[in-house]
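A short worksheet on the structure shown next.
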Amino acid sequence: MNPGQPNDRMFGDGPSTKSGAKDVHRENEAGGHSGARPWLVYGFGAAVTVLPALATFWYLQFGLDPSATLVEIPEPTVLGLSETTEFARPIPKTVTDVDEAKAALGERLFHEPRLSKDDSLSCASCHKFEHGGADSARYSTGVSDEPITINTPTVLNAGFNFRQFWDGRAHGLREQAEGPIVNPLEMGANWVDVIAKLSKDRPLWETFDQIYGDGITRQNIVDAIAAYERTLITPDSRFDLYLAGHEEALSPAERRGLDLFESLGCPACHQGINLGGNMFQRLGVVNDFYADQDAPNEADNGRYNVTGDEEDRYVFKVPSLRNVALTAPYFHDGSVPTLESAAEIMAWYQLGVRISDDEAAALAAFMGALTGTLPEHPS
Amino acid sequence: MNMPRRIVAGTCVLAALTSGLAFLYDNSRGIDPATHDEVLTQFERLQKYESMQSQAVLQLRTGRARNYDGLVALEPAIEQTFDRVSELITSTDDPRALAIDAQIRAYRTDHLAKYDLIERFKRENAVIHNSLRYLSFENEHFETAAVDADTATLRSLIEDIIRNGMTLAATQSESSRILLSEQLEEMRSAITGATGDLAGHLEMTTRHAEIVLRTNQHLSQIIDDIVSWEADARIAGLKQEWQAFHDAARETALLYRNLMVALAALLIGSTTVFLFRIAAAGNRIRMLNRSLEKRIISRTRDLENARQILSDAVENISDGFSLWDSDDRLIMCNARYRAMYPQIADIFVPGLCFRDFIQALIDAELIERGNESAESVIDERLSRHRVSEEDFEHQLGDGRWVRVAKSRTGAGNVVGIVTDLTDRKQSEDVIRQMALEDSLTSLANRNQFHEQLKKAIQRSDRTGEHVGVMLLDLDRFKNVNDTLGHPAGDKLLQEVAYRLKECVRNSDSVARLGGDEFAVIAVDPKTVENVADIGARIVESISRPYDLNGHEAHIGTSVGITLYPEDTADADHLIKHADLALYRAKQLGRGNYQLYDEDLNAEVQSRRELERDLRLALDREELYMVYQPRISLDTRRTIGLEALVRWRHPEKGDIPPSEFIPLAEAVGLIVPLSEWLLEQVCLQQKEWERSLGRTIRVSVNMSPLHFQQANFTETMAELLARHDVAKDSLELEITEGIAMAGGEDMLHTLEDLKALGLGLEIDDFGTGYSSLSYLRQFPIDRLKIDRSFMNSVPDDADAVAICEAIIQLAHSLDLGIVAEGIENEAQANFLLGAGCDEAQGYYFAKPLLPEELHAHLAENQDAATSQTDRVPETV
């Protein structure tokens, strides 16, 4: 209690004793309150002061900085005039601007049957390297009983094409890779199932997470596949060696084929790094192709299916002639089994020139020199 | 509560200011210069790519470029640059910037049309190049081919067509175009006439030329559209918009920066105010603290003073003071408290446990625990310490008395006050004595006398004892006082007190009631005489002379006596009666005692007179001997005598033995009397021996008092030796009661007496209670049948039966038997018949004086006389 009290009573300041005791009581009461509150008060004050300060600091440091959100991207590649003066450009030895990890993952996915509806097919099922990145069938067989309506284009050097598919409906490899997976006639899958199936594979899931940070997604799958496909190039063909100055790389027949190739005007379309793949052209520029054929089906409409423009009917992306010797049969409908007949048809309908069998053989010989070093199969 | 609320409010204000500052800082930064620079760069790049596209198209058209890779590469480059610009612009997160972005998007949508144009250009460019190639190929063909007259017209026409087509493609000349179209028209109509190889050439050449004609125009239009694509202007416009936005943003930022400076100033100001107020509050608190400190110091000083005063007070109170807390531990105690227990003074330190304290008291033997265990003593003290509010007094082992007062304070502490009562107890004793004692004589005073009297009366009521009360005052005391002075008078009174105490038994009490007045309480006097004796002794004792500092003084006293409960049942009356008796004694001439009861007084007085006479009688030879013959019932001859004493008073004449023998016994004269008597008998025996030539067996009655004398046997032996008394000539009679009450001691005494040659006889047999065992053991010679039986025989059958039984018993034990008080023939005959040996009584002979006896013996030595003696024998 109050130690002063007994003394007051004993030695007394008289009447004031009572009121003194009262004051003491009130003081005690007030003291009791302030005794319990300061921690609350200081805690509140500290929270009110420090938390906004921290938030502000964080915001100013990370929240506002544009450089934190804008990723520096390299200046796009443009070609100088010197690179366009010749009709052809060689395939580079290697691809430098591809993430190896993504490409490795893409390689796994490229051979991944779980991307198909019934786990039966992978990308590699139809894009076989030994067949120049395509297969030997006129139409490849998908998961469905119905046949695929167009001949399989090669996956090799596809990264150099300015558009993908015969009708060029895909702008890049990423866009292209989505197509066959969900096409009912091809792999016949859907993304929900694919991602669910792949997500059960823990190592795969971890690899995705490691590379992309957000696990298995549609975007990540096609990005990885596209990255891999960009590595699928075939350098060091004899023609490329020839372009590099090794004239002896081409045999005399091939040289004759090359001369013929140029003189006929083939490089008007089959030019650039891929000898094709960088423009569209009508099938039947000079002579009407379908006048001598069965009635055209939907697939034969080509680019028209994409643009709806009458001028684009029977227009297709000019295919690359790289490794063309391996990718028979030819044309979008796989209707031509040999390079010789393909050359003859092309000469007549596109150029309005009838070439001899000898000339056709020479052209075929030249086209044989366009076969480069195929990518290695995955181990 | 005010203070914390203000702190909260202040903190909130500071927080708001800080947040505002952060907001302003955020906005004051404007557009990041790096962003701005890059946006400008990207816009420049876009302009470059756009112009490169046109360049590439023209190069391809003219054949300076032979592949489309360069043109194709520009499309993604432009798209990427657009993406980047949009990204940069939207990153500013400003509505104006977003509007610019929207314009960019719109431009990009428009730009798709340019891509389409480029695609068409590529297709048509390839076509026209090949057609021109064909035309030049055909030109060579026709130039080298053999000219045929039939076809010359056709050939010149085709050559014109080829030339025109190539010219058109090269010059875009309108005239060439019109000419070509006319020539082709002409060719169409002409071609039908051609045949064979030529027809084929013509057909294909015409077709190619048509293609050139058609495509050339189309292609020119496309190239025009591409080249005239107003990309540069639109991009420049966007760039300008951006620049405007950037400048506006910088203006805004500047505004915010100014505001920020202002707000920062405000913040600094308010913080300063805040700090100032804190400092002011701190100052106030410091001042308050200082005043509080002063108050505390003065309060502490006051407290210290108060504590000192309190401590002085506690230390200086005469009692031991101790304060114990509720856990029974010592808080404090004063020196006096320690001094209370000097043996264990060391242990009193704060924190001392009460238990240990009691244990120490026990160890120091200040508390006697007796048979109790120390534990139980401690528990008992502890419980009393805790709960008892009552004082208690107790005596310490060293004899001091203390009182312990315990009280519980409001705080639960226990205050123990220990007071040393030893002095008070002693003074209480003194006071009590002063109240009850006469200071001069140390006798009880009047108060105590009354107390004692009351107690004695109560005791009497309980037990039936008597109480004798005597009042006395001194005669002629005033003379002593007057002549010798008060000191002498006081000394006299002390002497009187001493003598009075001598006169009474220990159980009796003596009191001085005041002046020369004294009182005596005699407790449990057996007889009135006992009381009277005391009175007589007092009178005698006091009247002896006093030696007062060499002066001889003579005083006397008178005594008044009352008896309780005989005189009155009331204590006050008792004293009054005693006073009356005293008054009478004074009236009777002082120097005597008087009983209150007149009759009793007379009786006592006369008996005292008789006693005095009896004492004188021995000296004055007023006593004399008589002998009653005892005869054999067979022979009627005297065979023995019983010695009896007689007293002839000079004034009162013969006094019967039944009167003076008990008196002699009561006043202690019986022993001298008996000695005198035995002396007389012995002398008489000698006389008879001389005169008759023989001794006669004489029996003498012995008082019980003889047997209480330690040297009785020796006295008897000395007597017998001195007189040379013949054996068996002296026989002692002892009453049945005396013999039986004596027990073993009596047995030894009797054996000793028997050994001296004395005969032994049991007197008054049949009236008391005899142990047959003792009868058998005692060396006695005969039994004497009590006189009371003789009065009734032979008429009363019971008496007869008893007598016969006694006689039979005596015979059985081989004892002699004698009867006394025989007064007639019938009695004598009965006894003879019952087998009794001897008898005495008036029928045979009355007691005779020695001279008479001489003749009797001479006459009737063998035969009993037939005289009748009517006088009853008493002894």
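The values are calculated or read from the model by the stated rules, or taken from the named source; none is laboratory data. Since the structure is predicted, the reported quantities are computational estimates derived from the model, not experimental observations. FYI the Cβ positions are ideal-geometry reconstructions off the backbone, even for glycines, and counts take in every protein chain you see. Please note that ligands, DNA and RNA were not included when accessible areas were found on the heavy atoms of the full protein model with its side chains. Shrake-Rupley method; radii C 1.70, N 1.55, O 1.52, S 1.80 Å.
Partners of A:Lys197 within straight-line reach, counting lysines whose Cα lies under 19 Å from its Cα and excluding those fewer than 8 residues away in the same chain: A:Lys117. Which whole-angstrom value gives the distance between the alpha carbon centres of region B:482-554 and region A:271-313? A separation of 178 Å, based on Cα centres. Using a Förster distance of 51 angstrom, determine the FRET efficiency expected from the C-beta separation of B:Leu292 and B:Val13, and round it to 0.05. It comes out at approximately 0.95. For B:Val559, the amide hydrogen comes within under 5 Å of the amide hydrogens of B:Asn592, B:Tyr593, B:Gln594, counting only partners 5 or more places away or on other chains and with H modelled in the peptide plane. The alpha carbon centroids of region A:127-182 and region B:21-66 are separated by 36 Å.
Local charge sum around A:Asn151 (other residues, Cβ-Cβ under 11 Å, Lys/Arg +1, Asp/Glu -1)? Walk me through the intermediate numbers first.
On the way: positive: A:Arg138; negative: A:Asp135, A:Asp333.
The answer is -1.
A DSSP coil position with no more than 15 other Cβ atoms inside 10 Å describes the following trypsin sites (Lys or Arg not before Pro) in region B:665-745: B:Arg694, B:Lys727. Placing +1 on the Cβ of every Lys and Arg and -1 on the Cβ of every Asp and Glu, with nothing else charged, gives the protein assembly as shown a dipole about its Cα centre of roughly 4700 debye. Dipole of chain B computed with +1 at Lys/Arg Cβ and -1 at Asp/Glu Cβ about the Cα centre; of B:His723, B:Ala313, B:Thr441, farthest Cα towards the positive end is B:Ala313.
Placing dummy labels 7 Å off each Cα toward the beta-carbon, the span from B:Ser270 to B:Asn791 is 14.4 nm. Shown are B:Ile362, B:Ile178, whose ranking by accessible area with a 1.4 Å probe and every protein chain present, most to least, is B:Ile178, B:Ile362. Partners of B:Lys727 within straight-line reach, counting lysines whose Cα lies under 22 Å from its Cα and excluding those fewer than 8 residues away in the same chain: B:Lys686, B:Lys754, B:Lys784.
At a 10 angstrom cut-off on C-beta neighbours, averaged per residue, how do the peptides A:261-270, B:471-480 rank from highest to lowest? Write down the numbers at each step before the final one.
Working: A:261-270: 22.8, B:471-480: 19.6.
In descending order of packing, they fall as A:261-270, B:471-480.
Among B:850-857, B:816-823, the peptide with the highest mean count of other Cβ atoms within 10 Å heads the list, and the full ranking is B:816-823, B:850-857.
Averaged over residues, the count of other Cβ atoms within 10 Å places the peptides A:320-327, B:744-751 in the sequence A:320-327, B:744-751, highest first. Neighbouring Cβ atoms from other chains, within 10 Å of the Cβ of residues in B:295-305, number 1 on average.
For region B:750-842, the Kirkwood estimate of hydrodynamic radius, built from reciprocal distances between every pair of different alpha carbons, is 13.5 Å.
Between B:Gln709, B:Leu21, B:Ile367, the Cα set farthest toward the positive side of the dipole of chain B (charges on each charged residue's Cβ, about the Cα centre) is that of B:Leu21. Full extension of the segment from B:Ala236 to B:Glu380, taken as 0.36 nm per residue of separation minus the current Cα-Cα distance, would add 40.4 nm.
Only four residue types carry charge here, +1 at the Cβ of Lys and Arg and -1 at the Cβ of Asp and Glu. Report the dipole size of chain B about the Cα centre in Debye, rounded to the nearest 20. Can you show the working numbers first?
On the way: 94 positive and 143 negative charges, 1245 e Å.
So the magnitude is around 5980 debye.
For the pair B:Asn283 and B:Tyr115, the difference between a 0.36 nm per residue extended length and the Cα-Cα distance amounts to 52.4 nm. Other protein chain C-beta atoms within 10 Å of residue C-beta, averaged over A:87-97: 1.
Using R₀ = 35 Å, calculate the FRET efficiency as 1/(1 + (r/R₀)^6) where r is the Cβ-Cβ separation of B:Arg105 and A:Glu247; round to 0.05.
On the way: r = 51 Å, r/R0 = 1.47.
FRET efficiency, B:Arg105 to A:Glu247: 0.10.
Region B:183-217 and region B:629-694 have their alpha-carbon centroids 225 Å apart.
Using just the helices of chain B, give the 222 nm mean residue ellipticity in deg cm²/dmol: DSSP H runs with n ≥ 4 each add -39,500 (n - 2.57), and the total is spread over all residues, rounded to 500. Could the numbers behind the result be given before it?
Details: 28 runs with 546 residues, N = 875.
After summing the helix terms and dividing by residue count, I get -21500 deg cm²/dmol.
The convex hull around the C-alpha trace of the protein assembly as shown, projected and averaged over every direction, spans 114.4 square nanometres. Length, then width, then depth: along the principal axes, the Cα atoms of region B:216-284 run 100, 14, 6 Å. The charge dipole of region B:1-148, taken about its Cα centre with unit charges on the Cβ of Lys, Arg, Asp and Glu (plus for the first two, minus for the last two), comes to roughly 700 debye.
Could you please report the charge total around A:Pro235, scoring K, R as +1 and D, E as -1 over all other residues with beta-carbon less than 15 angstrom from its beta-carbon?
Numbers: positive: A:Arg89, A:Lys93, A:Arg230, A:Arg238, A:Arg322; negative: A:Asp236, A:Asp240, A:Glu376.
Here the charged neighbours net out to +2.
With the Kirkwood sum run over all distinct C-alpha pairs, chain B has a hydrodynamic radius of 46.3 Å.
Each Lys or Arg adds one and each Asp or Glu subtracts one; over the other residues with Cβ under 13 Å from the Cβ of A:Glu344, this totals -4. For the pair B:Glu687 and B:Ser156, the difference between a 0.36 nm per residue extended length and the Cα-Cα distance amounts to 166.7 nm. With a threshold of 32 Å on the Cα-Cα distance, the over-threshold entries among B:Lys478/B:Lys501; A:Lys102/B:Lys239; B:Lys425/B:Lys526 are A:Lys102/B:Lys239; B:Lys425/B:Lys526.
If contacts are Cα pairs under 8 angstrom and at least 6 residues apart, what is the relative contact order of region B:412-499 in percent? Spell out each step's value before the answer.
Values: 29 pairs, mean separation 17.9, N = 88.
For region B:412-499, the relative contact order is 20 percent.
For B:Glu659 and B:Asp570, a Förster radius of 51 Å and the Cβ-Cβ distance give a FRET efficiency of 0.90, rounded to the nearest 0.05. For the residues of B:118-126, the average number of beta carbons from a partner chain within 10 Å of their own beta carbon is 5. Spacing of the modelled spin labels on B:Asn549 and B:Glu751, each 7 Å from Cα toward Cβ, amounts to 6.5 nm.
The lysines within cross-link reach of A:Lys317, meaning a Cα-to-Cα straight distance under 23 Å and a gap of 8 or more places when in the same chain, are A:Lys128, B:Lys114, B:Lys122.
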